[in-house]
Amino acid sequence: MLESLKQEVLEANLSLVEYKLVLFTWGNVSAIDRESGLVVIKPSGVEYSKMTADDMVVMSLDGKKVEGELNPSSDTPTHLELYRSFPEIGGVAHTHSTFAVAFAQAASDIAPYGTTHADFAFGSVPCTRELTGSEIKGDYELNTGKVIVETFENRGLDPEKIPAALVRSHGPFTWGKDASSAAKNSAVLEEVAKMAYLSENLGASPASKSLQSKHYYRKHGDTAYYGQK
């Protein structure tokens, strides 16, 4: 079942190691097949060097295991909530990368200081509010997804234009059109977070809206002209 998607998800998970975004088993990538409504995700706590496509776990959007011998990632409910709430996305990734986590632990958005950020996201990457005690004690991973969705809804943000969020005191989640895009967005987010940290320490101000707009739309959307057709 979904053998091609399992291979894609495996390769996206392995790319987190290649991008130097994870230690040990600290990260996960998933992808959804929108036609069937099934999600393929990394198994929980399995070393990247030992994973195979057959280890990937198939889940329904309502959280039932459809196929797989292993337990799915503990973050599966977060991924599923993002797929349910952001129907345009096809892949989700989560890491504990250093600079992105630092911003999450500081409860700080990542401001758009320059064109590198604007090429990636149109506006600040938001940090969520802190989860309440009852949210933590209850369906914690589900509520992690819900607080990301809440943040985007309350701020009027577009998850297609800002493909990432920081969960306060936890870390980053990113998404994209597929598993590979979600993983690449995790790598870009970490680099953008590093640049933002250094820029803030040098007293920088965010780039102008006109410059942000130019760089975002020359790479994304109907008027994009970056790259080859």
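The values are calculated or read from the model by the stated rules, or taken from the named source; none is laboratory data. Computed from a prediction, not measured in an experiment: that's the story for all the values here. Cβ: placed from backbone, ideal geometry, glycine included. Neighbour counts: every protein chain shown. For the accessible areas, the whole protein counts, side chains as well, though only heavy atoms, and no ligand, DNA or RNA atoms are used. Shrake-Rupley method; radii C 1.70, N 1.55, O 1.52, S 1.80 Å.
Of note:
- Filtered by the rule that a residue be in contact (Cβ under 8 Å) with a residue 40 or more places away in the chain and aliphatic (A, V, I, L, M), region 106-141 gives 107, 110, 111, 118, 121, 125.
- Failed item, numbered, when residue 220 is tested on (1) loosely packed, with under 10 Cβ neighbours inside 10 Å; (2) at pLDDT below 95: (1)
Table: residues versus (1) touching a helix residue (DSSP H, G or I) at 6+ places or on another chain (Cβ under 6 Å); (2) over 26 Å from residue 90 (Cα atoms); (3) not in a helix (DSSP H, G or I).
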{"position": "135", "(1), (2), (3)": "yes, yes, no"}
{"position": "172", "(1), (2), (3)": "yes, no, yes"}
{"position": "206", "(1), (2), (3)": "no, yes, yes"}
{"position": "213", "(1), (2), (3)": "no, no, no"}
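- Residue in region 140-151 that is in contact with a helix residue (DSSP H, G or I) (Cβ under 7 Å, 6 or more places away or on another chain), assigned to a loop (DSSP other than H, G, I, E, B) and among the small types (Gly, Ala, Ser) present: no
- Residues of region 118-133 classified as part of a helix (DSSP H, G or I) and open to solvent by 10 Å² or more (accessible area, probe 1.4 Å), total: 3
- Here residue 104 meets each of (1) under 15 Å from the mean Cα position of the chain (by Cα); (2) surrounded by fewer than 17 Cβ atoms within 10 Å (Cβ to Cβ) with one exception, condition (2).
- Among residues of region 5-47, those that are among the hydroxyl-bearing types (Ser, Thr, Tyr), at pLDDT 95 or above and farther than 23 Å from residue 86 by Cα, counted: 3
- Single condition residue 42 does not satisfy, out of (1) within 15 Å of the chain's Cα centre (by Cα); (2) open to solvent by 50 Å² or more (accessible area, probe 1.4 Å); (3) without any contact (Cβ under 8 Å) to a residue 60 or more places away in the chain: (2)
- Among the residues of region 185-206, those identified as over 16 Å from residue 98 (Cβ atoms) and either surrounded by fewer than 19 Cβ atoms within 10 Å (Cβ to Cβ) or of a type in the set (Asp, Glu) (or both) are 199, 202, 203, 204, 205, 206.
- Restricting the first member to region 161-176 and to residues that are touching a residue at least 24 places away in the same chain (Cβ under 8 Å) and open to solvent by 10 Å² or more (accessible area, probe 1.4 Å), and the second to residues that are of a type in the set (Val, Ile, Thr) and part of a loop (DSSP other than H, G, I, E, B), the beta-carbon pairs closer than 9 Å and six or more apart or on different chains are 163/89; 168/128; 170/128; 176/89.
- When residues in region 64-80 are screened for being more than 16 Å from residue 179 (Cα to Cα) and in contact (Cβ under 8 Å) with a residue 40 or more places away in the chain, 4 of them pass.
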